[in-house]
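One structure below.
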Ligand SMILES: Cc1cc2nc3c(=O)[nH]c(=O)nc-3n(C[C@H](O)[C@H](O)[C@H](O)COP(=O)(O)OP(=O)(O)OC[C@H]3O[C@@H](n4cnc5c(N)ncnc54)[C@H](O)[C@@H]3O)c2cc1C
Ligand code: FES
């Protein structure tokens, strides 16, 4: 199928990818989209759920244009969204380094990095928007790293051979989010955005088939409230916490996305999860989360293990001849900078072969000795000071003196709610932005591309596409007094009471941990059919037990963190099954989805004949099998080839 | 090497914003020194749930020192005994067997308690809303490299901008002053060319809102700097005072 016709999947999926050459699509599309006149914008209300990079940027931009915006977050302040934790940087095709970068190269790298499972048109647009993002952030006063001449500095991330990553020490996400937060708070001050903090979205409300609002719990008073508007934007982040241990914040959840899924938004490629190669290893059963050590560290850190399995000597006493810098040896062109899926898989292979280090044997070294010698400790400190500090705090070891010990951990989720080119889900009027959607990263995301995507979606894409929805849809007046809203509020209150009423014997945390173990063991870095079937069985059992044996104390009319948490665990228990089902159905290996049955020399073996599609799942009801819809993917610009980083 | 600790915890329990609170004592056994402080509280909460007592409410999220959500007074110190460390980054290896640990919420008029150890810090958002930004709409930005920024200034601006908004500075100050928080934001923009257009109004508005929220005044005891997990220096306060003075002299509105 060519891109010259509107793309329709095997079923009813309409991707709305415009016709014409990929480089001209977005401009043409923007021209074709209907506008709302400046004076009419104030007649529309848009509900933005989530205030991370995607949500804050969208809410601020829409308010600047004159729309009335409601911004909703589970946190006490928009600035706490998990985007704040992003460390390494943000990509942009500025070519400030004069090293051959271009929009086309960023596009190419991202499509290849995603192992040919993303939509070309979306990725191209992302690369196009990338340059404006940097301009916008600089103008907001984001203090990016600079060269002595005063120009912006760059570094390199995995899977690419140019230097296009902009950064602010190891706190890039923080600085970008604070920039977007500033813009958002400015609009709050101007009265264009109404901020609803400490509110958890529990449902979306559909009227005549169009999403018109949300139901949310006021986390302070426990009241179930609702908001009505003309469009809803979900910007609620990823679902990595389905695995319990991940680099995500404790509050990250799938609830908002899952509730929308249950109301008709298809869930795409849930099995595409990213396992980040460089995280601080698990120390014991008490572990509540894992901490990332940014990929940017691989610019200067060298990954190695002892050549002999079981070599227990202290790392600094192991001579060069007895070390295996396995990434440098195996992947000559990219060395330590191979993409994440490749680096993670190799770390696992080394540990499985008995060459892992540390007490658990589940770690490899990331060594800075050579870089410190070459550049001096001060330079290393300037680049990564806060990361080294964090590592030291957690492990009690000084990475300036001894190599870091690192191991892969769940980090990011490429899957998410299915969206068309306009970022609209299969539920009309519901748009999905940032990590919560599936659209740009295929089966593996390249480093420093999530921040770029969140801000592209919020600042530069959705302001145009939402206008088209508002201009072309029938949106009769609706208030929260309507039947549909009342019914949804009723349902949400019922569920809350149900959770409090079970009074079983196990805490929500214990269920979540058990789910996490199952997900990691059978649906983690490597997967196989038998294991996935087992996982599905286990998740079903655990879910059944949850609804008869969970113990949630306290009341619904107060701040009740345990109740909030139980609701999120309940949704993970439903979602986990879909993730495993998707992994079982995708009989190929690609990117982060590694099926043991499909490999060649330990590298992922794609099956383009049968799986060159987006798998979008439709909810059918509790405990009923979901229906699979396929959106075929075509590659007209970056030709389908075996993805290799060896040269 | 990990060891096991037996601990006595005295924790502030308060059902809601309008009810009276009190300390409650708990005994915990077998806490690994490898655990973080919050993982220790997780264990306590798990045990409380088993006993049928409502778990202790406390704010936290990233657990890696960046979101600014965690906020505990530990033995009278904001974020506990370690410098440049948030509560979530504090590890139990800092404590000894049979220690008694007193855990309280931030105490400040502008940060009312919501429940147990959770306080309301939205006053910070309201300060940001009056001036903590550059008024630039999306679509208007010139090329990122069109205005060079000397590296020293960019670095200094970042030193100010790394504030995590946790409120430890307020909690540590006997006057519950928010000048370090406001000073950091004012400084970030004062140091950058992008912040110049609104320089005068920014400091005036942010300081006025800070006073309105009920934060106390600064008496230069530098407790805020000592408690700050992000290492923000009191130089920010001096710079803000200078900015404020200049703005007053200029007399702009
Ligand atoms: C440790 C770490 C480091 C990273 N480093 C990088 C990096 O260097 N470069 C890069 O490009 N990417 C990085 N990433 C990935 C990137 O940070 C995220 O993908 C991105 O920030 C997600 O932004 P978002 O706006 O989609 O979601 P988030 O920032 O997660 O925001 C979600 C928002 O939704 C709200 N919310 C969630 N659920 C609900 C609900 N039910 N009801 C109401 N509100 C809700 C939250 O309050 C929050 O405001 C990193 C990720 C991690 C975990
Ligand atoms: S939990 Fe985020 S800073 Fe402590």
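Here are a few things to note about the model shown:
- Checked against the criterion of being within 16 Å of ligand 1 (Cβ to nearest atom) and closer than 30 Å to residue A:610 by Cα, the candidates A:567, A:592, A:531, A:537 yield just one match: A:592.
- If the condition is being at pLDDT 95 or above, more than 9 Å from chain B (Cβ to nearest Cβ) and not in a strand (DSSP E or B), then the stretch A:168-198 contributes A:172, A:176, A:177, A:180, A:191, A:192.
- When the stretch B:141-161 is limited to residues that are loosely packed, with under 15 Cβ neighbours inside 10 Å and more than 7 Å from every other protein chain (Cβ to nearest Cβ), the one that is farthest from residue A:93 (Cα to Cα) turns out to be B:152.
- Count of the stretch A:155-166 residues which are crowded, with 24+ Cβ neighbours inside 10 Å and either out of contact with any strand residue (DSSP E or B) (no Cβ under 9 Å at 6 or more places or on another chain) or assigned to a loop (DSSP other than H, G, I, E, B) (or both): 5
- Qualifying residue in the stretch A:162-179 (condition: away from ligand 1 (no atom under 14 Å from the Cβ) and either in contact with a helix residue (DSSP H, G or I) (Cβ under 8 Å, 6 or more places away or on another chain) or not assigned by TED's automatic domain parsing to the domain that holds residue A:295 (or both)): yes
- Residue B:48 falls short on exactly one of the conditions (1) within 16 Å of ligand 2 (Cβ to nearest atom); (2) over 30 Å from residue B:195 (Cβ atoms); (3) in a helix (DSSP H, G or I), and that condition is (1).
- Residues located in the stretch B:40-69, provided they are within 16 Å of ligand 1 (Cβ to nearest atom) and either free of Cβ contacts under 8 Å to residues at least 40 places away in the same chain or more than 10 Å from chain A (Cβ to nearest Cβ) (or both): B:60, B:61, B:62, B:63, B:64
Condition check ((1) away from ligand 2 (no atom under 16 Å from the Cβ); (2) under 22 Å from residue A:56 (Cβ atoms); (3) surrounded by fewer than 21 Cβ atoms within 10 Å (Cβ to Cβ)) across all residues:
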site: A:191; (1), (2), (3): yes, yes, yes
site: A:194; (1), (2), (3): yes, yes, yes
site: A:207; (1), (2), (3): yes, no, yes
site: A:226; (1), (2), (3): yes, no, no
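- Among all residues of the stretch A:431-441, there is at least one that is more than 19 Å from residue A:90 (Cβ to Cβ) and either within 14 Å of chain B (Cβ to nearest Cβ) or within 11 Å of ligand 1 (Cβ to nearest atom) (or both).
- With respect to the conditions (1) free of Cβ contacts under 8 Å to residues at least 60 places away in the same chain; (2) farther than 30 Å from residue A:583 by Cβ, residue A:530 falls short on a single one, namely (2).
- Sole residue being on the phi > 0 side of the Ramachandran plot, touching a residue at least 12 places away in the same chain (Cβ under 8 Å) and away from ligand 2 (no atom under 13 Å from the Cβ), chosen from B:98, B:79: B:98
- When A:427, A:470, A:475, A:455 are checked against the criterion of being within 21 Å of residue A:617 (Cα to Cα) and either over 13 Å from the mean Cα position of the chain (by Cα) or not in a loop (DSSP other than H, G, I, E, B) (or both), A:427 stands alone in meeting it.
- Hits in the stretch B:188-201 - residues which are within 11 Å of another protein chain (Cβ to nearest Cβ) and within 16 Å of residue B:238 (Cα to Cα): B:188, B:189, B:190, B:191
- Test: residue B:23 is within 12 Å of ligand 2 (Cβ to nearest atom) and more than 10 Å from chain A (Cβ to nearest Cβ): no
- All positions within the stretch A:199-222 that are in a loop (DSSP other than H, G, I, E, B) and more than 15 Å from residue A:490 (Cα to Cα): A:208, A:209, A:219, A:220, A:221
- Scanning the stretch B:103-121 for residues that are within 19 Å of residue B:173 (Cβ to Cβ) and part of a strand (DSSP E or B) yields a count of 3.
- Boolean, residue A:462 is away from ligand 1 (no atom under 14 Å from the Cβ) and crowded, with 24+ Cβ neighbours inside 10 Å: no
- Top-ranked residue in the stretch A:223-245 [being part of a loop (DSSP other than H, G, I, E, B) and over 23 Å from residue A:430 (Cα atoms); ranked as farthest from the chain's Cα centre (by Cα)]: A:223
- Residue B:122 fulfils the conditions (1) within 16 Å of ligand 1 (Cβ to nearest atom); (2) in contact with a strand residue (DSSP E or B) (Cβ under 7 Å, 6 or more places away or on another chain) except for a single criterion, (2).
- Test: residue in the stretch B:98-112 that is within 16 Å of ligand 1 (Cβ to nearest atom), within 30 Å of residue A:57 (Cα to Cα) and crowded, with 19+ Cβ neighbours inside 10 Å: no
- For the stretch A:263-281, the criterion of a residue being within 14 Å of chain B (Cβ to nearest Cβ), touching a residue at least 12 places away in the same chain (Cβ under 8 Å) and more than 15 Å from ligand 1 (Cβ to nearest atom) is satisfied by at least one position.
- Criterion violated by residue A:250 - all others in (1) within 13 Å of chain B (Cβ to nearest Cβ); (2) at pLDDT 95 or above; (3) away from ligand 1 (no atom under 13 Å from the Cβ); (4) on the phi < 0 side of the Ramachandran plot satisfied: (3)
- Failed item, numbered, when residue B:6 is tested on (1) over 19 Å from residue A:565 (Cβ atoms); (2) in contact (Cβ under 8 Å) with a residue 12 or more places away in the chain; (3) not in a strand (DSSP E or B): (3)
- Complete set of residues in the stretch B:72-95 that are more than 10 Å from chain A (Cβ to nearest Cβ) and part of a loop (DSSP other than H, G, I, E, B): B:72, B:75, B:76, B:79, B:80, B:81, B:83, B:95
- Top-ranked residue of the stretch A:226-247 - restricted to ones that are within 12 Å of ligand 1 (Cβ to nearest atom) and closer than 21 Å to residue A:295 by Cα, ranked as nearest to the other protein chains (Cβ to nearest Cβ): A:247
- Some residue of the stretch A:69-90 being away from ligand 2 (no atom under 16 Å from the Cβ) and without any contact (Cβ under 8 Å) to a residue 24 or more places away in the chain: no
- In the set (1) within 26 Å of residue A:226 (Cα to Cα); (2) under 14 Å from the mean Cα position of the chain (by Cα), the condition left unmet by residue A:248 is number (1).
- When A:324, A:396, A:420, A:352 are checked against the criterion of being over 25 Å from the mean Cα position of the chain (by Cα) and modelled with pLDDT of 95 or more, A:324 stands alone in meeting it.
The values are calculated or read from the model by the stated rules, or taken from the named source; none is laboratory data. Since we're looking at a predicted model, the values are computed, not measured. With ideal geometry, Cβ positions are generated from the backbone for all residues, glycine too; neighbour counts draw on all protein chains shown.
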